[in-house]
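Only one structure is covered here, and it is reproduced in the block below.
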Ligand SMILES: [Fe+2]
């Protein structure tokens, strides 16, 4: 695992999407009481479970959008005391899971004060909930943007170059084509951009350590219109 801050770690695993290797990332937040929040879990291999548990007890397992839920069950089996929280819609799609709560606009009591959250409106295909980790001033998103850069394999780099989305935070075609209610989506984005983050962690591609807010504003200019970065 890579440590980004005293209470924030990331780790990844390979993942192919439409034939391209884009990787998947899990983010681990250590809360003030030392309990851990796992965001967008990847496969719970014995080594990873050991490594994570060394940081603190796993208390919350979060499936932050309707696509990132595949390994939640593995983690719950590995950490039976943890509670599962899912993006809206997963509670019916994953009725097999013992779900403690559906994520909304209000942080759960377990992480309130350390982690804020906003449900991205107007994009029901994903229903992504975006988080802000206050102590590290980090935006923790999932598919809100990809950031495919030099660490990706050649074919992936080529595809993203051709799509004009190489080497920067950039939404995929899904957002371009399938946002249902652009006004609701814009309102959520505007609220996200009020958080004072600079670093952006996303699930696919590289972490954006600096200037993430400005990059999001630029890549979502088609939604935000002429909004300027304060
Ligand atoms: Fe994803």
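Which residues, counting only those in the stretch 3-29, are within 16 Å of the chain's Cα centre (by Cα) and away from the ligand (no atom under 15 Å from the Cβ)? Correct list: 4, 8, 9, 11, 28, 29. Number of residues in the stretch 18-33 that are surrounded by fewer than 18 Cβ atoms within 10 Å (Cβ to Cβ) and either under 16 Å from residue 132 (Cβ atoms) or in contact with a strand residue (DSSP E or B) (Cβ under 9 Å, 6 or more places away or on another chain) (or both): the value is 2. Here the strands (runs of 3 or more DSSP E) wholly within the stretch 48-142 that include at least 1 residues being more than 15 Å from the chain's Cα centre (by Cα) and either modelled with pLDDT under 95 or surrounded by 17 or more Cβ atoms within 10 Å (Cβ to Cβ) (or both) are 58-63, 83-86, 99-102.
Go through the residues of the stretch 172-180 one by one and say whether even a single one is modelled with pLDDT of 95 or more, within 18 Å of the chain's Cα centre (by Cα) and buried (at least 18 other Cβ atoms within 10 Å of the Cβ). Quick ask: steps written out before the conclusion?
Let us first name the residues in the stretch 172-180 that are modelled with pLDDT of 95 or more, namely none.
Looking through the stretch 172-180, none of the residues is modelled with pLDDT of 95 or more, within 18 Å of the chain's Cα centre (by Cα) and buried (at least 18 other Cβ atoms within 10 Å of the Cβ).
Considering only residues that are assigned to a strand (DSSP E or B) and more than 16 Å from the ligand (Cβ to nearest atom), look in the stretch 30-47 and name the one that is farthest from residue 207 (Cα to Cα). Residue satisfying both the conditions and the ranking: 36.
Please work out if residue 183 is within 16 Å of the ligand (Cβ to nearest atom) and on the phi < 0 side of the Ramachandran plot. Break it down stepwise before answering.
On the way: within 16 Å of the ligand (Cβ to nearest atom): no; on the phi < 0 side of the Ramachandran plot: yes.
No; evaluated as a whole, the condition is false for this residue.
Go through (1) assigned to a loop (DSSP other than H, G, I, E, B); (2) buried (at least 21 other Cβ atoms within 10 Å of the Cβ); (3) out of contact with any strand residue (DSSP E or B) (no Cβ under 8 Å at 6 or more places or on another chain) for residue 203 and report which single condition fails. Exception for residue 203: condition (3). Of all residue pairs spaced 6 or more apart or on separate chains, those with beta-carbon atoms under 9 Å, a first member in the stretch 59-75 that is at negative phi and a second member that is surrounded by fewer than 20 Cβ atoms within 10 Å (Cβ to Cβ) and in a helix (DSSP H, G or I) are 66/93; 69/93; 74/49; 75/49.
The values are calculated or read from the model by the stated rules, or taken from the named source; none is laboratory data. This one's a predicted model, so the numbers in the text were calculated from it and none came from an experiment. We place every Cβ from the backbone using ideal geometry, glycine too, and count neighbours over all the protein chains shown.
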